[in-house]
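*Asks:* Here it is: the structure, laid out below.
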Amino acid sequence: MLLAVLTAGCEAVDDAVASLPVIGSSADGRVDARPGTPVAEPPAPGRHELEIGGHRVLLYVPTTATPERLSPFALLLHGASGQAEGGFRMWAPFAEGSGTILLAPESQHGGAWDVMVGGFGSDVAMIDEELAWVFERFRVDPRRLAIGGFSNGASYALSLGLTNGDLFSHVVAMSPGFMVPGELHGRPPVFVSHGLRDRVLPIAETSRELVPQLRR
């Protein structure tokens, strides 16, 4: 059943992608970056399309974000679209009002996050580098440091968020299909939403199976 759900929830992934490179300690899904004291000049307020470590990423900086002020932060993960906009679009209208810094990376595997096509690896390493870049430029509040996503991105948010619950203070999963966390760290609160008439990832086979597991 899980294989059927994953197949339905993903766009086609290149058949050549059989496994992922292991970079540093990323094979266990752990993220090393942590908020601290900024040491670099931050970008100006507004939306930015950046390249960090050779990978495209979208960043939104609210006007309230300064090196001196603690700011909420959200890492946003796209669904099967394979584009950073997919994670960014639904959250951006609320960023300024809440003073939240948004970061939306782009998967390296044709729309699927690494754990779906071989296991934790290159996308974890990429996200780790991008988070470190943000933490070097902004004073991020560790009590309000969320990871969230939609569809395939929601599945990855659950998997990566629970593996790094000592970093992410909140996990948001909108229409997830599955979760495959590594060793659990921390106990972050998790928000799950799912449409009752979802024909791609039916709620009975996904969230209604996942939520009891999360509660346990």
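The values are calculated or read from the model by the stated rules, or taken from the named source; none is laboratory data. Everything quoted here is computed from the prediction, not taken from an experiment. Every residue, glycine as well, gets a Cβ built from its backbone with ideal geometry; the counts of neighbours run over all protein chains shown. We work out accessible area using only protein heavy atoms, side chains counted, and drop any ligands, DNA or RNA first. Shrake-Rupley method; radii C 1.70, N 1.55, O 1.52, S 1.80 Å.
*Asks:* Any idea which of (1) open to solvent by less than 70 Å² (accessible area, probe 1.4 Å); (2) at pLDDT below 95 is the one S71 doesn't satisfy?
*Replies:* Of (1) open to solvent by less than 70 Å² (accessible area, probe 1.4 Å); (2) at pLDDT below 95, only one is false for S71: (2).
*Asks:* May I ask you to list the residues in the stretch 130-146 that are open to solvent by less than 10 Å² (accessible area, probe 1.4 Å) and either assigned to a strand (DSSP E or B) or touching a helix residue (DSSP H, G or I) at 6+ places or on another chain (Cβ under 9 Å) (or both)?
*Replies:* V140, D141, L145
*Asks:* Let me ask something additional. Hey, does the stretch 154-175 have a residue that's at pLDDT below 95, polar (S, T, N, Q), over 14 Å from L75 (Cα atoms) and in contact with a strand residue (DSSP E or B) (Cβ under 7 Å, 6 or more places away or on another chain)? I'd like the intermediate steps shown before the answer.
*Replies:* Step one: list which residues in the stretch 154-175 are at pLDDT below 95, which gives none.
No; the residues of the stretch 154-175 include none that is at pLDDT below 95, polar (S, T, N, Q), over 14 Å from L75 (Cα atoms) and in contact with a strand residue (DSSP E or B) (Cβ under 7 Å, 6 or more places away or on another chain).
*Asks:* Okay, next question. Condition test on T206, is it over 20 Å from A104 (Cα atoms) and surrounded by 23 or more Cβ atoms within 10 Å (Cβ to Cβ)? Step through it out loud before you land on a result.
*Replies:* Working: over 20 Å from A104 (Cα atoms): yes; surrounded by 23 or more Cβ atoms within 10 Å (Cβ to Cβ): yes.
Considered against the rule, which asks whether it is over 20 Å from A104 (Cα atoms) and surrounded by 23 or more Cβ atoms within 10 Å (Cβ to Cβ), T206 comes out as yes.
*Asks:* Can you name the number of the only condition in (1) among the polar types (S, T, N, Q); (2) part of a helix (DSSP H, G or I); (3) within 24 Å of R47 (Cβ to Cβ) that S155 fails?
*Replies:* (3)
*Asks:* Could you check how many residues of the stretch 56-84 are farther than 20 Å from N152 by Cα and assigned to a loop (DSSP other than H, G, I, E, B)? Outline the logic, then answer.
*Replies:* Applying the first criterion (farther than 20 Å from N152 by Cα) to the stretch 56-84 yields 59-73.
Of the ones still in play, those that are also assigned to a loop (DSSP other than H, G, I, E, B) are 62-70.
The qualifying residues number 9.
*Asks:* Then there's this: Conditions: (1) assigned to a loop (DSSP other than H, G, I, E, B); (2) at pLDDT 95 or above. G119 meets all but one. Number of the miss?
*Replies:* G119 satisfies every listed condition except (2).
*Asks:* Same structure again: So G53 ticks every box in (1) modelled with pLDDT of 95 or more; (2) open to solvent by 10 Å² or more (accessible area, probe 1.4 Å); (3) more than 19 Å from A157 (Cα to Cα) but one. Which box is left unticked?
*Replies:* Every condition holds for G53 apart from (1).
*Asks:* What tally of residues in the stretch 160-179 results from selecting those that are of a type in the set (S, T, Y) and surrounded by 24 or more Cβ atoms within 10 Å (Cβ to Cβ)?
*Replies:* Of all residues in the stretch 160-179, those of a type in the set (S, T, Y) come to 163, 169, 175.
Subsequent filtering for residues that are surrounded by 24 or more Cβ atoms within 10 Å (Cβ to Cβ) retains 163.
Going through the stretch 160-179 one residue at a time, the tally reaches 1.
*Asks:* Can you say whether R199 is modelled with pLDDT under 95 and either in a loop (DSSP other than H, G, I, E, B) or more than 19 Å from G79 (Cβ to Cβ) (or both), as far as the supplied structure shows?
*Replies:* Working: modelled with pLDDT under 95: yes; either in a loop (DSSP other than H, G, I, E, B) or more than 19 Å from G79 (Cβ to Cβ) (or both): yes.
Here the answer is yes, as R199 does meet what is asked.
*Asks:* Among the residues of the stretch 105-129, write down those that are closer than 17 Å to T163 by Cβ and open to solvent by less than 10 Å² (accessible area, probe 1.4 Å).
*Replies:* P105, W113, D114, G121, S122, D123, V124, M126, I127
*Asks:* Go through the stretch 91-116 and give me each residue that's outside any helix (DSSP H, G or I) and either within 14 Å of the chain's Cα centre (by Cα) or under 18 Å from A33 (Cα atoms) (or both). Before you say what the answer is, go through the steps one by one.
*Replies:* Here is the first cut: in the stretch 91-116, the residues outside any helix (DSSP H, G or I) are 91, 99-113.
If the condition is that a residue be outside any helix (DSSP H, G or I) and either within 14 Å of the chain's Cα centre (by Cα) or under 18 Å from A33 (Cα atoms) (or both), then W91, I101, L102, L103, A104, P105, E106, S107, Q108, G111, A112, W113 are the ones that fit.
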